[in-house]
Every structure is written in structure tokens, then in C-alpha cells.
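Here's the structure we're looking at; comments come further down.
The values are calculated or read from the model by the stated rules, or taken from the named source; none is laboratory data. Given the structure is predicted, the values throughout are model-derived calculations rather than measurements. Cβ coordinates were reconstructed from backbone atoms using ideal geometry, including for glycine residues, and neighbour counts include every protein chain displayed. Side chains are part of the model used for accessible areas, which takes the heavy atoms of the whole protein and leaves out ligands, DNA and RNA. Shrake-Rupley method; radii C 1.70, N 1.55, O 1.52, S 1.80 Å.
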Amino acid sequence: MTASPSPVWHPFTQHALAPEPPVVVRGNGAWLETASGGRILDAISSWWVITHGHCHPRIVAAIAEQAGQLDQVIFAGHTHPAAEALARGLVAMTPEGLDHVFFSDSGSTAVEVALKMAAGYWRHTGEQRTRILALEHGYHGDTIGTMSVGARGVYNAAYEPFLFEVTRLPFPEKGREQATLDALEAACREAPAALLVEPLILGAGGMYIYGPGVLAEMAAICARHGVLFIADEVMTGFGRTGTLFACEQAGVVPDIACYAKGLTGGSLPLAVTLCRSAIFDAHYSTDRARTFFHSSSFTANPIACAAAVANLKIWAEEPVRGRITALGDAQEERLANFRDDRRFANVRRIGTIAALDLVAPDPGYLADVGPRLAAFFRDEGLLIRPLGNTLYVMPPYCTTAEDLDLVYGAIATAADRFGRA
Ligand SMILES: *Cc1c(COP(=O)(O)O)cnc(C)c1O
């Protein structure tokens, strides 16, 4: 008997080129296990979501308990203890002033909600402001709205006619921050609705890091012009950049903030968009036309909320911050060996995230070096999925020094094999 080909259509996968995917049957800490008994070190936290490690016992227990009690309930006109506890926990944990919590299911929807909140705010306060400002190289998701505000390229060229216009600011590269601030200042004079940014590091766009100083200045310019400041902390939230939230490092309180990936410790899909009272109040009215018209079937799913409550408890009761500092230091130590290596450029790190660009022999080669590198790492038993020639390591916080040695050993070998001679 021969198995028929799988009907599964995978995300961001060219099926004509992709090798057979491994069948993953188990996860434990930083490691995955395949059906054939192979072990894979999850050096990218399963697409940046797993924070404390796979199948953290407290999260698993919370999911099991909630699943036996209340699986799902309509969230319009109803509530449940897990959502209430989570909302209160988030308001207490996030920067002071973010007082209202709207639930959704993914990072993309959290950003869509943020954009709709901003649009609603201006409409209901009687100002014609709809233009969104965003950073060059930004990534905010793959829905039509979030593709619109993200960088344009091969990933969304086919959908371009569906996308709305935004004003793009140059990335605040080190030494050229003023250009970004000047462009923001100029754009703010045109009375836009909001500035949307990934704080401190632009993820999918290429792991571009910028400083807390310029983040604080961007927020200050927005405040001066009454432009809403939206922080997309979908990736940066829950410890990745070394602090619980990236905005903390700049002392910035956004008007609207989006969290998703690490919210449940990476175990279940759940997202939240938090906002200041002014945004909520603009929608608060006896006029039904001012209702915030957004929902999805699984808004605030109780099982996902219970997983997130367990995550918050882990943050409160386990030495997560210590683990993050140790992981950052361990990454730095190993990264240091590559700083003078001519085969790499832009060796960089923020918190637990390390990145470096492999200098490939010729630009044509560059086009498919990403998939070749991914295949190489897979053969080494490592889950590392480069962004083009940019290698990055974003592991769960339980990753050990020995685990990292495997990762950086393989990166050195990859340079021998694929890098400039
Ligand atoms: C991953 C990501 C998103 C989209 O989140 P999904 O859960 O994949 O929809 C949005 N913004 C940023 C910064 C991200 O890294």
C-alpha cells in the first residue's frame, strides 16, 4: 500500500521545492521529537512563540483543567473567569495606562484590531484622520490590513491591488536616527491617525535592531502632535528583548499595544490589544453606532485564556527574568566568536535574540541560500529558518549552554560550507 500525497498546504512553503516535512509528535523544553524518533532543537521557538519551553507542566495542567470545565462560550454579552483574570493580570503587568483589553486570536488580528481602534477613535472624536505611518522593513502579519502596513515585496506582490496606502518612515539605522525623526515630524504635520511600530527590533523584515532612545523620541513626537502611538509587541512581548515588554526599555507607554505569540507561553493561539482609556471612551456611548464592531468566533476562548493565566503565573513565580538574562549572556558569549569573522556581517543581539548575516559568495546565490541553510540545519537536527542570508537564534528561555553550543557549532560549519571563502 502506498500512502497518497498529503492534502496539507503548508504556510510560506513552496511545495514544488520543499523537502518532505518532518512529522513532529512531541515537544519537551527546547526539543521536538519526530515520528521516526529523531530529535530537533527548536532554536527559533517554533516561529517565535514558545517562551518557557514546549509543554511547560503548569500550562499543560491549566489547559487540561479548563478543557474539562468550560471549552468555549460566546464572548459578546458573556464573560468567564479566565478572561477576567487574564485581563486584570495584563493591565497590572503592562505599562501603566493601558487599561482596556480586547481579545482576538493571532498577532495579525491584534494589529487589525489596533488599526480599527485608531480609526474608530478619530471618527468618534470628530476628526478626519485615517492615514497610518509605519516603519520601512516592518512586518505586522499576513491579512490584507496588516500586509498593507507592512513592507511590500515578493511576499505580497500578488495582493498589492487590495492593499491600502501608508506613509513609510526610513528605518532608524544607527547614526541615521535623525532622518527617521525628521520624516516622522513632517508626516505628523499632515494629521495622520497613528504610527505603528515594532519596538526595538523589526522581526520578519530582517531582525533589524534600533535603540530605545529613538523609540522614546518617536513616541514623544507622536504625543506632541496628538498622533496615536501603536506598539506591535506581538514578537517582542513576554521577554524576548530582555525586558517583559520592549517599550519598557524606552519608558514608553503606547496608546495601543498588541501582544500575541508569547501570551500563552506559545501553547495556544490567543492575542490581545490593550489601549488607553481615551480610546475606549471614544467608543463608550449610548449611540450604538459607536460600538466597537469587531469579533471572531473564538474571541477570548476560555482554554486559551487559562493557558495565558498560567503563563502570567509562571512570570510571577518562576525566575523567568534570570533565565532571560542568562540566555542573553550565553548568546553573547558565543556570538562574540563571529564578530571578527569576515564571512558574517551585522552581528547583533537584543535580549534573547541573536542575528548575523552570512556574506554569500555572489548575490545570485543569495536568492536561495536561505532554503539551503534551512536544509543544512535540519540535517544537523536544528530548527533554524534563516530570513534570506540572515541567520537568527531565538530559542525558548529554557535553552541550555550545551544546546547553544550545538547551534553555534552548526553556524560555524554553515559558514565553511556556504559563506564567502
Ligand atoms: C508574527 C508577527 C505578527 C503576526 O502574528 P500572527 O500570530 O502570525 O498573525 C505581527 N506582528 C509581528 C511583529 C510579528 O512578529
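Details
- Under 21 Å of direct C-alpha separation, and excluding same-chain neighbours fewer than eight residues apart, LYS313 reaches these lysines: LYS261.
- Directionally averaged projected area (convex hull, Cα atoms, segment 47-107), nm²: 5.6 nm²
- Packing order of peptides 211-219, 93-101, 121-129, highest average first: 211-219, 93-101, 121-129 (average count of other Cβ atoms within 10 Å over each peptide's residues).
- Selection from ALA62, PRO19, ASN156, by position along the positive dipole direction of the chain (Cβ): ASN156
- Extending 7 Å from the Cα toward the beta-carbon at both ASP405 and SER277 defines two label points whose distance is 5.5 nm.
- All Cα-Cα distances of segment 101-181, cut into 5 Å bins from zero to the largest, leave 3, 14, 20, 21, 19, 15, 7, 2 percent in each bin in turn.
- Hits among lysines - C-alpha to C-alpha of LYS174 under 17 Å, sequence gap 8 or more where chains match: none
- Pairwise Cα inverse-distance average, inverted: Kirkwood Rh of segment 283-421 (Å): 18.0 Å
- Put simply, the amide H of TRP31, placed in the peptide plane, has neighbours under 5 Å in ASP42, HIS54, leaving out anything fewer than 5 places away on its chain.
- Placing +1 on each Lys and Arg Cβ and -1 on each Asp and Glu Cβ, with no other charges, gives segment 267-404 a dipole about its Cα centre of roughly 440 debye.
- Å² per residue, accessible surface of the chain at 1.4 Å: 47 Å²
- Taking the Cα centre of the chain as reference, the dipole from Cβ charges on Lys and Arg (+1) and Asp and Glu (-1) amounts to some 220 debye.
- Rg [Å, one decimal], Dmax [Å, integer] - segment 73-128, C-alpha atoms: 13.4, 39
- In the chain, a dipole from Cβ-located charges (positive for Lys and Arg, negative for Asp and Glu) runs towards its positive end, and of LEU32, THR325, LEU406 it is LEU32 whose Cα lies farthest in that direction.
- Diffusion constant of the chain at 25 °C, which comes from Stokes-Einstein with the Kirkwood Cα-pair radius and 0.890 mPa s, µm²/s: 109 µm²/s
- Using R0 = 22 Å, the C-beta based FRET efficiency linking ARG189 and ILE144 works out to 0.15.
- Residues ARG88 and SER295, FRET efficiency given R0 of 25 Å [Cβ-Cβ distance, rounded to 0.05]: 0.75
- Modelled spin-label separation between ALA3 and VAL154, with each label point placed 7 Å from Cα along the Cα-to-Cβ direction: 2.9 nm.
- Selection from GLY120, LEU382, SER106, by position along the positive dipole direction of the chain (Cβ): GLY120
- When a 1.4 Å probe is rolled over the protein heavy atoms, the share of accessible surface on the chain that falls to carbon and sulfur comes to 55 percent.
- Panel note: the C-alpha atoms of segment 179-287, placed on their principal axes, show extents of 45, 41, 23 Å (largest first).
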